[in-house]
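First comes the structure, then the notes that go with it.
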Amino acid sequence: MSHNPIDVLKETLISQLVFLEENSIELMDTYFASEREKYRSFCSSYTSEVESYLSLLNNQLEKQSSLTKVFIGSKVSVKFEDDEEIEEFVICFPEETDPDNGFISFLSPVGHQLLLRSLGETMSLSTPGGEVRVTINDISF
């Protein structure tokens, strides 16, 4: 097993795709019982984005040191436009959720909205307190 950060990232992303495929029925039954098509659409989009990113990493002459998209397992730093506050979240699988420590599921409303967003992207984020404008300030793994 490699300790090169890029290789670790690639191995993790590939493992995620395998997990999502192997556990698709259980995940659909548990989290998307009435919205199976929504889950299929999510898996298709996520798989496509991960495969594109892996291809990019494999074809780069110079390996980039930071992520440009939010994937499961990413730590994402968002800047709230109204007060310039910065908050960090780790986008994780549901069983790893720990909101008090910033670990939010990719299936949660906020986690789902951040997933697959790009570095520097400004977006409207729906939260329990209402809509807020945020910018993806940093993404790391």
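Numbers at a glance
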| item | result |
| --- | --- |
| Rg to Rh, two decimals, where the chain supplies the alpha carbon set and Rh follows Kirkwood | 0.97 |
| Mean Cβ neighbour count within 10 Å, used as a protection proxy, ranking 41-50, 132-141 highest first | 132-141, 41-50 |
| Helix-only mean residue ellipticity at 222 nm for the chain, each DSSP H run of n ≥ 4 adding -39500 (n - 2.57), per residue, nearest 500 | -13000 deg cm²/dmol |
| Rh by Kirkwood over Cα pairs, then Stokes-Einstein D for region 75-140 at 0.890 mPa s and 25 °C, µm²/s | 208 µm²/s |
| Charge tally in the Cβ shell below 12 Å around Leu54, where Lys, Arg are +1 and Asp, Glu are -1, Leu54 excluded | -2 |
| P(r) tail fraction, region 5-59 - alpha-carbon pairs more than 19 Å apart, % | 33 percent |
| Percentage relative contact order, region 58-138, counting C-alpha pairs under 8 Å, at least six apart | 30 percent |
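Where a number appears in this text, it was derived from the coordinates with a stated rule and is not lab data. Not measured: the values here are computed from a predicted model. Every residue, glycine among them, receives a Cβ derived from its backbone with ideal geometry; neighbour counts consider all protein chains shown.
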